[in-house]
1. Where does the chain land on Rg(C-alpha)/(2.2 N^0.38 Å)?
2. Run the helix sum for the chain: -39,500 (n - 2.57) per DSSP H stretch of 4+ residues, divided by residue count, reported at 222 nm to the nearest 500 deg cm²/dmol.
3. Restricting things to alpha carbons, tell me how big segment 44-84 is in terms of Rg and Dmax, in Å.
4. Could you work out which residue, out of ASP50, ASP133, ASP104, moves most in a Gaussian network model of the chain, that is, has the largest mean-square fluctuation with Cα springs under 10 Å?
5. For segment 120-251, what ratio Rg/Rh do Cα atoms give with a Kirkwood hydrodynamic radius?
6. Over the Cα atoms of segment 1-123, each weighted equally, I'd like the Debye log10 I(q)/I(0) at q = 0.10, 0.14, 0.15, 0.21 Å⁻¹, rounded to two decimals.
7. Quick one: with all protein chains in place, what share of the accessible area of the chain is carbon or sulfur, to the nearest percent (1.4 Å probe)?
8. At 1.4 Å probe radius, can you tell me the per residue accessible area of the chain in Å²?
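The values are calculated or read from the model by the stated rules, or taken from the named source; none is laboratory data. Quick caveat: nothing in here was measured; it's all calculated off a predicted structure. SASA here: full protein model, heavy atoms, side chains in, ligands and nucleic acids out. Shrake-Rupley method; radii C 1.70, N 1.55, O 1.52, S 1.80 Å.
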Amino acid sequence: MGVMSSMLWWPERFCEELAAQERYVIRYDQRDTGLSTNYPPGEPGYSFSDLCDDAIAVLDGHGIEVAHLVGMSMGGFIAQEAALRHPRRVRTLTLISSSPLGVDGLPSSTEAYEEHAAAAESIDWSDLEAIADFLRRDSAMLAGTRHPHDAEAVNVLIARDMERAPSFVSATNHFMLLSDDKGATLHASRLEVPVLAIHGTSDPLFPIEHGEACTHVVPNAQLHRIAGGGHEIHDRDIDEIVRVIADRAVS
């Protein structure tokens, strides 16, 4: 899942519908989210590559030799690096609302979203209510144009996430990882596994050109556009997303 996001941000219905396609579905808390290992805010004791190795370690823990990886947003970068560094462990790769590693020249976020993100610098990141307010506004900003934004569902999810995590503020450590040279020596063009990019046409964080770029640089890639979709897995899009993943991720 993406930056600061525990496994709860993978919608339960999304996981259940994938499981109904005869898939064994694993979602997990990345470091500094949910019930996973947490570090003091501002002091992540791990690198971005460690997050990639963690995905493989989860497979090891379940005795799984090879798997279909699905990553969203920052999770898409993690999944790509995992596939590049551990190619024998990955059967297919699905990137939701993400961007190909190492590809320059792609459009920036929308001006409105960049203004919103810039306001994060003035937030007291030790204040949980301030963080919750920012996350609520962030979810609204990331919403697409195809469906109404479900603010109540987001409020409930944020509250569940905060209540569940022993150190929710530690999730801000992810921003420090993103400021490093994430995957600097890796490039999506080296991906050997089949890649499916699922991307909303109204994504304000990674415009649709990021999804399209996957088909330009990755040898075996397909793009599925979610018309009017934002930077999210909207409940009303789950059936469509599950269908294209199941069709692509053939054992």
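1. After normalising by residue count via 2.2 N^0.38 Å, the value is 0.95.
2. After summing the helix terms and dividing by the residues of the chain, the value is -12000 deg cm²/dmol.
3. When restricted to Cα atoms, segment 44-84 yields Rg and Dmax of 10.2, 29 Å.
4. ASP104
5. In segment 120-251, Rg relative to Rh is 1.01.
6. Values, matching the q order: -0.36, -0.70, -0.80, -1.38.
7. Accessible surface attributable to carbon and sulfur in the chain totals 49 percent.
8. Per-residue value: 46 Å².
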